[in-house]
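Novice: My questions all concern the structure below.
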There are 2 protein chains.
Amino acid sequence: MSPDASPQNLPHVVIIGGGFGGIAAARAFRNQPVRLTLIDRRNHHLFQPLLYQVATAALNPSDIASPIRRILRRQKNASVILGEAVSIDRDRKIVHLADAEVAYDYLIVATGATHSYFGHDEWSEAAPALKTLEDAVEIRRRVLVAYEAAEREVDDGEVRGWLTFVIVGAGPTGVEMAGALAEISRRVLERDFRKIDPGRARIILIEAGPRVLPAMSPHSSERALAQLQHLGVEVILNSAVSHIDDRAVVHALGRIETRTAIWAAGVAASPLGKTLGVETDRAGRVLVNQDLSVPQADGVFVIGDLASIKSDGKPVPGLSPAAIQEGRHAARNIVHLIRGEATEPFRYWDKGTLATIGRAAAVADIGRMRISGLIAWLMWLFVHIFFLIGFRNRFLVISEWAWMYLRNDRGARLITGDVEPLLERGKRLEDRNRMLSP
Amino acid sequence: MSPDASPQNLPHVVIIGGGFGGIAAARAFRNQPVRLTLIDRRNHHLFQPLLYQVATAALNPSDIASPIRRILRRQKNASVILGEAVSIDRDRKIVHLADAEVAYDYLIVATGATHSYFGHDEWSEAAPALKTLEDAVEIRRRVLVAYEAAEREVDDGEVRGWLTFVIVGAGPTGVEMAGALAEISRRVLERDFRKIDPGRARIILIEAGPRVLPAMSPHSSERALAQLQHLGVEVILNSAVSHIDDRAVVHALGRIETRTAIWAAGVAASPLGKTLGVETDRAGRVLVNQDLSVPQADGVFVIGDLASIKSDGKPVPGLSPAAIQEGRHAARNIVHLIRGEATEPFRYWDKGTLATIGRAAAVADIGRMRISGLIAWLMWLFVHIFFLIGFRNRFLVISEWAWMYLRNDRGARLITGDVEPLLERGKRLEDRNRMLSP
């Protein structure tokens, strides 16, 4: 073996982020002559499209999460480091973690996006967003506690506040959350309570723009709206939210008394992008070259939601298929560079967009086709099962879904953590020490 | 309908606690002429015997938890209140919650036991105990993070500290935890890491007394010890722990450098018992009459781990079958009182004791029979599946176990929450900013 071929002399590729893009990139290096290190602050890859199902008690956190180590277990050239990258030094070619440093020859930054409250971070306490598993468990907790609190409450106005759920933002997450919350109240919790009727809970979806699912075709937006309304969701369009607190959501067209608000409106790029010191767009995304490399940052590529790039003159959307395609492409281009070859420009292949509203209710835009209802829903089921990583997860998710759709039950109706602070949240002092009658 | 028969005039039975005893009592009132209110600070009944499997990443939290509302959904005379009982006023016959009051005619207190650090509550941070789902998730997190930290660590001594797990107390929980941790390191994580060999992790079980599983027969203790040692667990007997901190466990026979300690040693009765103002034993358990009623507290019964009672001259053990039998018995005695009949004394029917050590390894004492190995393990599997509440949970747990035992994989290897504080826990300053090499 020549000295050059020993593992320590192979180029070191570092990938930051174990989402769709980062995992796709790591796998693309499988049989390539590199040393690979994947850094993530979580030990798991998260199947984010199903996160709302954890928030609505349909799936368990571990059903949609796979240990990154397990995914890359057979890929002998790959190491995994648990840690949070805080900044990138493009001159010294070093990634800084909170307590250590990792040097790279080539770097793929795939840390994605986080939620944004458009400058109103004070809303985050009253209206949590849905990005991580912890967010999902917290939202599930609040939703389930709201019904419990309503059952305990003696004042009618208070009961209404607990039984009103407001979702801000009608993108895919907001629409899916609204549909799932409607199904829980109408179908799942129906017989569980003695004093309240969960079926009378109000689910309100507020959108600043003129239609739901703005990234899809107008026809699909219309179908989705009809399906939401059929499920009993109240949809308010063209009304921006101006204030959120523990007891109400205020929007342009009115004020809604609610104890449970959920934020599904804005995204912002991961702050790691800015530490590269290169040009970013308004949302903080890195403006990458057409081959996904970063101008003036030797060996650095940015992919997924953190990258701003056009394909065929249109911006590449922040969707998982785009992140996966970019991950593979960046890996291929790094291999080109290692071989001394020219890189290739990235082109996005749009396979279509799907969104689900509820059982047997979904919409799909595929090329010029517009599909809705049962067929779109079956496509959605199939695609999501197919892309879940790991046979075990697929099997468990199918089991949970079969149970849920056949029995109208949700398996993961679990409130963890102390409930008193939530029950107390925003409660006025004079409400205390009242007598509960069964 | 006579006025007496309207639901509002029926006697009000309040049960505090939705564990094995409380649920058994509630169900026993199913067709009885009472109004029933069950109060619990959790929305779920927990199948505690399998809690260690959540802590060791074999099962999901929701696999062993059922919403109490769902369990009692068809029992029309039962209401469920989510809330924490803080004290009982036996003169006014009122249960005080943090923010409300509930009046009772008859009361069953079934709040069980919590863990005790024998006056060393300062150990709880470094050595969490295993009583709630939150505890289990926290222990799982620490165990999984320890392997991650070891993989990142450059100093050999530090690696050893991360790869040493100490369990204090060799009762059923301690033995089950030790066995499961040994299986994880030897079988599950084997190929997942690049720098460390998880198979070299040390699992140490420390017990102050002379044998493991002290509540079982000496023969079963011996068999369990042999099975633990076969799995690679180091068992230290006759040595009491005198100090625990972030970096070490000190016991009578030595000092063990460890980053992960788990407390499985002491239990103390729920503090609610003392608020009754009646006689309690050293562990805080209420000394109940032979019919499970409480002396000088009209209409109050105490059951399960919170009750101190003898049957056939021997103390009734703090096991779930005892709590279930007591719950049913207390309900029956309350029905007697409502009818103006005499109550009956409680007698415990000992069906035997089972403990599991690992795959195909368990011990059982049934009457005078002593069983160990595969047969005992199959009995353990069967009993635990049979008593799990809810068909759905049974189905999922069987699926998870089949996967785990056939594939040597554990499905719930999920670290949630921020990991940096854990990685940082006890880390010395000079360790920072070191360069990690892949």
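Novice: Could you list which residues have their amide H under 5 Å from that of B:LEU107, counting only those 5 or more apart in sequence or on another chain, with H placed in the peptide plane?
Specialist: Excluding prolines and chain starts, which carry no amide H, the hits are B:VAL14, B:VAL300, B:PHE301.
Novice: Can you put B:LEU205, A:LEU319, A:LEU231 in order of accessible area, largest first, using a 1.4 Å probe?
Specialist: A:LEU319, A:LEU231, B:LEU205
Novice: Count the net charge of all other residues whose Cβ sits under 14 Å from the Cβ of A:VAL267, scoring Lys and Arg as +1 and Asp and Glu as -1.
Specialist: Residues close to A:VAL267 contribute a combined charge of 0.
Novice: Same structure, new question: Taking a probe of 1.4 angstrom, what is the accessible area of A:ASP89 in Å², to the nearest 10?
Specialist: 40
Novice: Okay, moving on. In degrees, nearest 10, range 0 to 90: what is the angle between the Cα axis of helix B:218-230 and the longest Cα principal axis of chain B?
Specialist: Its long axis makes an angle of about 40 degrees.
Novice: Would you grab the residues whose amide H sits under 5 Å from the one on B:GLY83? Only those 5+ places off in sequence or on another chain, please, with H modelled 1.01 Å from N.
Specialist: B:ASP40, B:ARG41, B:ARG42
Novice: A further question on this structure: Springs between alpha-carbon atoms under 10 Å, Gaussian network over chain B: tell me which of B:GLY352, B:GLY18, B:GLY313 tops the mean-square fluctuations.
Specialist: B:GLY313
Novice: Sticking with this one: Short version: ³J(HN,Hα) in whole Hz for each residue of the range A:326-343, in order, from phi by Karplus 6.51 cos²θ - 1.76 cosθ + 1.60 (θ = phi - 60°), x for Gly and Pro, what are they?
Specialist: These are the phi-based 3J(HN,Hα) values: 5, x, 5, 5, 4, 4, 4, 5, 5, 4, 4, 4, 4, 7, x, 9, 7, 7 Hz.
Novice: Taking a probe of 1.4 Å and counting only protein heavy atoms, give the total accessible area buried between chains A and B in Å², rounded to the nearest 100.
Specialist: 6700
Novice: Taking Cα centroids, how far is the range B:1-68 from the range A:190-255 in Å?
Specialist: 35
Novice: Just to confirm the numbers: A:ASP298, label point 7 angstrom along the Cα-Cβ line, distances to the other copies in nm, shortest first?
Specialist: Label point to label point, same position, other copies: 8.9 nm.
Novice: With the other protein chains left in place, how much accessible area per residue, in square angstrom, belongs to the protein assembly as shown at a 1.4 angstrom probe?
Specialist: Averaged over the residues of the protein assembly as shown, the accessible area is 40 Å².
Novice: Could you check which residue among A:GLN48, A:GLN296, A:GLN227 shows the biggest mean-square fluctuation in a GNM of chain A with a 10 Å Cα cutoff?
Specialist: Result: A:GLN296 has the largest fluctuation of those listed.
Novice: Please label the shape of the range A:247-332 as rounded, prolate or oblate, based on the square roots a ≥ b ≥ c of the eigenvalues of the alpha-carbon gyration tensor (a/c under 1.5 means rounded; beyond that, a/b larger than b/c means prolate, else oblate).
Specialist: Verdict is prolate for the range A:247-332.
Novice: Here is a further query. What shape does the protein assembly as shown take by its C-alpha gyration tensor, where a ≥ b ≥ c are the square roots of the eigenvalues and a/c under 1.5 counts as rounded, a/b above b/c as prolate, and the rest as oblate?
Specialist: Oblate is the answer for the protein assembly as shown, as a/c is 1.5 or above yet b/c matches or exceeds a/b.
Novice: For the range A:23-125, just say rounded, prolate or oblate: build the C-alpha gyration tensor, square-root its eigenvalues into a ≥ b ≥ c, call rounded for a/c under 1.5, and beyond that prolate if a/b exceeds b/c, oblate if not.
Specialist: Since a/c reaches 1.5 but b/c is at least a/b, the shape of the range A:23-125 is classed as oblate.
Novice: Let me ask something additional. Relative contact order of the range A:284-420, please, whole-number percent, based on alpha carbon pairs below 8 angstrom and at least 6 residues apart.
Specialist: Relative contact order of the range A:284-420: 13 percent.
Novice: Please find, in a Gaussian network model of chain B (springs between Cα atoms separated by less than 10 Å), the residue of B:ALA261, B:ALA28, B:ALA127 whose mean-square fluctuation is greatest.
Specialist: B:ALA28
Novice: Which residues, if any, in the range A:25-54 lose at least 40 square angstrom of accessible heavy-atom surface (probe 1.4 Å) when the other protein chains sit next to their chain rather than the chain being alone?
Specialist: A:ASN43
Novice: Over the range A:10-52, what relative contact order in percent results from Cα pairs under 8 Å that are six or more residues apart?
Specialist: 48
Novice: Could I ask something else about it? A drop of at least 50 square angstrom in accessible area, chain alone versus all protein chains together, probe 1.4 Å. Which residues of the range A:143-186 meet that?
Specialist: Listed by number, the residues meeting the 50 Å² cut-off are A:GLU148, A:ARG152.
Novice: If you restrict to DSSP beta bridges whose two residues both lie in the protein assembly as shown, what percentage is antiparallel, to the nearest 5?
Specialist: Counting only bridges with both partners in the protein assembly as shown, antiparallel ones make up about 50 percent.
Novice: Determine how large the accessible area of A:ARG187 is when every protein chain is in place; take a 1.4 Å probe and give Å² rounded to the nearest 10.
Specialist: 80
Novice: Would you mind working out the magnitude of the charge dipole of the range B:273-406 relative to its Cα centre, with +1 at each Lys and Arg C-beta and -1 at each Asp and Glu C-beta, to the nearest 20 Debye?
Specialist: 380
Novice: Sort B:ASP192, B:ASP155, B:ASP91, B:ASP135 by accessible area with a 1.4 Å probe, largest first.
Specialist: B:ASP91, B:ASP155, B:ASP135, B:ASP192
Novice: What are the aspartates and glutamates whose alpha-carbon lies under 19 Å from the alpha-carbon of B:LYS310, with same-chain residues fewer than 8 places away excluded?
Specialist: B:GLU279, B:ASP281, B:ASP291, B:GLU326, B:GLU344, B:ASP350
Novice: Ranked by accessible surface with a 1.4 Å probe, highest first, in what order do A:ARG74, B:ARG191 come?
Specialist: The ordering from most to least exposed comes out as A:ARG74, B:ARG191.
Novice: Whenever you get a sec, compute what percent of the accessible area on the protein assembly as shown sits on carbon and sulfur atoms (1.4 Å probe).
Specialist: After summing per-atom areas, the C and S share lands at 53 percent.
Novice: With each run of n ≥ 4 DSSP H residues scored as -39500 (n - 2.57), what mean residue ellipticity at 222 nm is computed for the protein assembly as shown after dividing by its residue count and rounding to the nearest 500 deg cm²/dmol?
Specialist: Per the formula, -8500 deg cm²/dmol.
Novice: Also, quick follow-up: Enter the accessible area of A:HIS219 (Å², nearest 10), with the probe set to 1.4 Å and all protein chains included.
Specialist: The accessible area of A:HIS219 comes to roughly 90 Å².
Novice: Right, here's the next one. In whole Hz, with x marking every Gly and Pro, tabulate ³J(HN,Hα) for the range B:150-163 from phi via Karplus 6.51 cos²θ - 1.76 cosθ + 1.60, θ = phi - 60°.
Specialist: After applying 6.51 cos²θ - 1.76 cosθ + 1.60, I find 4, 4, 7, 6, 9, 8, 4, x, 5, 4, 4, x, 5, 9 Hz.
Novice: How many partner chain Cβ atoms sit within 10 Å of a residue's Cβ in peptide A:190-200, on average, as a whole number?
Specialist: Shielding by partners across A:190-200 averages 2.
Novice: Magnitude of the Cβ-charge dipole of chain A, K/R +1 and D/E -1, about the Cα centre, nearest 20 debye?
Specialist: 1320
Novice: Still on this structure, please answer the following. Which whole-number percent is the relative contact order of chain A (Cα, under 8 Å, 6+ apart)?
Specialist: With pairs under 8 Å counted, the relative contact order is 19 percent.
Novice: What GluC sites (Glu not before Pro) in the range B:148-221 are in a loop by DSSP, with at most 15 other Cβ atoms within 10 Å of the Cβ?
Specialist: B:GLU190
The values are calculated or read from the model by the stated rules, or taken from the named source; none is laboratory data. Note that the coordinates shown come from a computational prediction; the quantities given were computed from them, not determined experimentally. Note: ideal-geometry Cβ built from the backbone for every residue, glycine included; neighbour counts use all protein chains shown. With ligands, DNA and RNA removed, areas are computed over all heavy atoms of the protein, side chains included. Shrake-Rupley method; radii C 1.70, N 1.55, O 1.52, S 1.80 Å.
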